[in-house]
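Visitor: First the structure, which I've put down as structure tokens, then a few questions once you've had a look.
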Amino acid sequence: MTDGYGRTIDYIRISVTDRCDLRCVYCMPGEGITPVAHGDILTYDEILRLAGVFADLGIRRVKLTGGEPLVRKRIETLVGGLRAVPGIEEVTLTTNGVLLAEKMDALAAAGIGGINLSLDTLDPDVFARITRRRMFDEVMRGFHAALAYPQIPLKINCVPMGEEGQNAAEVARLAKEYPVHVRFIEMMPIGLGSRFAFQSEESLLRVLAARYGAYQPYEGRLGNGPGHYYSFPGFLGKIGFISAISHKFCDSCNRVRLTSQGYLKTCLQYDIGTDLRKLLREGADDRALREAAAEAIRRKPQSHQFTETVEAHREPRAMSQIGG
């Protein structure tokens, strides 16, 4: 369907949990968050029912997120269930990689269509500072487990944050040595992320060009999201950027989000949307759910205003509670 500004909305990010086994400094406090009660989280059956509603409205691609989606038991059964929903063409997943090695075979068997692996540094000590956990080796085992399935696209998501020793150019090297795409994502000023500065796309390109040589814009499309890519000489993969602040792409936004508690959220910055869990558990039929979701999508804000002071409907929750 289209929203009130004529944008085609065909992609949804579905959070399955607010829990995570890391404590990244820009995402979650060191002591963690008070987890949502189990009964307040959507069941897999509820997610599948809503996926059918979304498919009726024109959603074709689903990204599973968290928190960390792999900490939820039997996540592969949800992948398989979503793949069977008429109208859903692709199901992908974003993960921190800690549990990926043990889950990759089951995810592949269930038909996962792509993996996004969050990795902000290749230095184990810096990794421990950023995530507050010494689990770098587990993440790299997950990385290599995913590489064992070359038919499943693998992307690395890196958030440059000015951390001493982070070395974004080293992370980019993964795209040189392996058939993966490395994407640099600007820090979003939401929750704890507002405490960190982002490194601009232009400054990173200068660093990468100095190390790896001249680059060329890549005109093809790689995935469902707003990333744009560059080719570097000798690289097996591409280097991408998701630059929501410096290269605002709201005019082409094609996505909405469903939180783990069933709130359909139509823009990352705002708390605007509708509570579908409430309707579900009050016994609403699919027609009522479709009408509520369609009305929320029609009211999707025109754009974020992260560079301006916005108070009305500003999202108060952390990224782990939203689903990214």
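Visitor: Which residue is farthest from residue 13 (Cα to Cα), if the candidates are limited to the range 83-100 and must be touching a residue at least 60 places away in the same chain (Cβ under 8 Å) and in contact with a strand residue (DSSP E or B) (Cβ under 8 Å, 6 or more places away or on another chain)?
Guide: The qualifying residue farthest from residue 13 (Cα to Cα) is 96.
Visitor: Okay, moving on. State which residue pairs qualify: first residue in contact (Cβ under 8 Å) with a residue 12 or more places away in the chain and under 11 Å from residue 149 (Cα atoms) and inside the range 101-116, second residue small (Gly, Ala, Ser) and surrounded by fewer than 19 Cβ atoms within 10 Å (Cβ to Cβ) in any location, beta carbons under 8 Å apart, and separation of 6 or more residues or different chains.
Guide: Note: pairs meeting the criteria are 104/148.
Visitor: Would you pick out the residues in the range 75-101 that are outside any loop (DSSP other than H, G, I, E, B) and polar (S, T, N, Q)?
Guide: Hits for the range 75-101 are 77, 92, 94, 95.
Yes or no, residue by residue, for (1) over 24 Å from residue 293 (Cα atoms); (2) more than 16 Å from the chain's Cα centre (by Cα); (3) hydroxyl-bearing (Ser, Thr, Tyr):
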{"residue": "36", "(1), (2), (3)": "no, yes, no"}
{"residue": "39", "(1), (2), (3)": "no, yes, no"}
{"residue": "53", "(1), (2), (3)": "no, yes, no"}
{"residue": "58", "(1), (2), (3)": "no, yes, no"}
{"residue": "62", "(1), (2), (3)": "no, no, no"}
{"residue": "65", "(1), (2), (3)": "no, no, yes"}
{"residue": "71", "(1), (2), (3)": "yes, no, no"}
{"residue": "74", "(1), (2), (3)": "yes, yes, no"}
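Visitor: Which ones in the range 124-168 are outside any helix (DSSP H, G or I), in contact with a Lys or Arg (Cβ under 6 Å, 6 or more places away or on another chain) and surrounded by fewer than 18 Cβ atoms within 10 Å (Cβ to Cβ)?
Guide: 132
Visitor: If I ask for residues that are assigned to a loop (DSSP other than H, G, I, E, B) and farther than 16 Å from residue 11 by Cα, which ones from the range 263-287 would you list?
Guide: If the condition is that a residue be assigned to a loop (DSSP other than H, G, I, E, B) and farther than 16 Å from residue 11 by Cα, then 269, 271, 272, 282, 283, 284, 285 are the ones that fit.
Visitor: Can I ask one more? Could you tell me whether any residue of the range 19-34 is among the acidic types (Asp, Glu), assigned to a strand (DSSP E or B) and either surrounded by 22 or more Cβ atoms within 10 Å (Cβ to Cβ) or touching a residue at least 24 places away in the same chain (Cβ under 8 Å) (or both)?
Guide: Among the residues of the range 19-34, not one is among the acidic types (Asp, Glu), assigned to a strand (DSSP E or B) and either surrounded by 22 or more Cβ atoms within 10 Å (Cβ to Cβ) or touching a residue at least 24 places away in the same chain (Cβ under 8 Å) (or both), which makes the answer no.
Visitor: What tally of residues in the range 39-83 results from selecting those that are basic (Lys, Arg) and closer than 15 Å to residue 257 by Cα?
Guide: Selection size over the range 39-83: 3.
Visitor: Is it the case that some residue within the range 135-154 is over 19 Å from residue 26 (Cβ atoms) and of a type in the set (Phe, Trp, Tyr)?
Guide: yes
Visitor: Just give me the residues in the range 1-18 being surrounded by fewer than 16 Cβ atoms within 10 Å (Cβ to Cβ) and either part of a loop (DSSP other than H, G, I, E, B) or under 21 Å from the mean Cα position of the chain (by Cα) (or both), in sequence order.
Guide: Result: 4, 5, 6, 8.
Visitor: Sort through 210, 214, 197 and tell me the only one that's under 21 Å from residue 166 (Cα atoms), modelled with pLDDT of 95 or more and surrounded by fewer than 17 Cβ atoms within 10 Å (Cβ to Cβ).
Guide: Exactly one of 210, 214, 197 is under 21 Å from residue 166 (Cα atoms), modelled with pLDDT of 95 or more and surrounded by fewer than 17 Cβ atoms within 10 Å (Cβ to Cβ), namely 210.
Visitor: Can you pull out every residue in the range 231-262 that is closer than 16 Å to residue 208 by Cβ and modelled with pLDDT of 95 or more?
Guide: 231, 232, 233, 234, 235, 236, 237, 238, 239, 240
Visitor: Still on this structure, please answer the following. On the given criteria, is residue 285 at pLDDT 90 or above, touching a Phe, Trp or Tyr at 6+ places or on another chain (Cβ under 7 Å) and not small (Gly, Ala, Ser)?
Guide: So residue 285 fails the test.
Visitor: Restricting to the range 56-74, give me the number of residues that are part of a helix (DSSP H, G or I) and either in contact with a strand residue (DSSP E or B) (Cβ under 9 Å, 6 or more places away or on another chain) or polar (S, T, N, Q) (or both).
Guide: 2
Visitor: Restricting the first residue to the range 120-147 and requiring it to be at positive phi, which pairs with a second residue that is buried (at least 17 other Cβ atoms within 10 Å of the Cβ) and of a type outside the set (Val, Ile, Thr) meet a Cβ separation below 8 Å and a spacing of at least six or different chains?
Guide: 132/22; 132/23; 132/24
The values are calculated or read from the model by the stated rules, or taken from the named source; none is laboratory data. Just so you know, these numbers come straight off a predicted model, no measurement behind them. With ideal geometry, Cβ positions are generated from the backbone for all residues, glycine too; neighbour counts draw on all protein chains shown.
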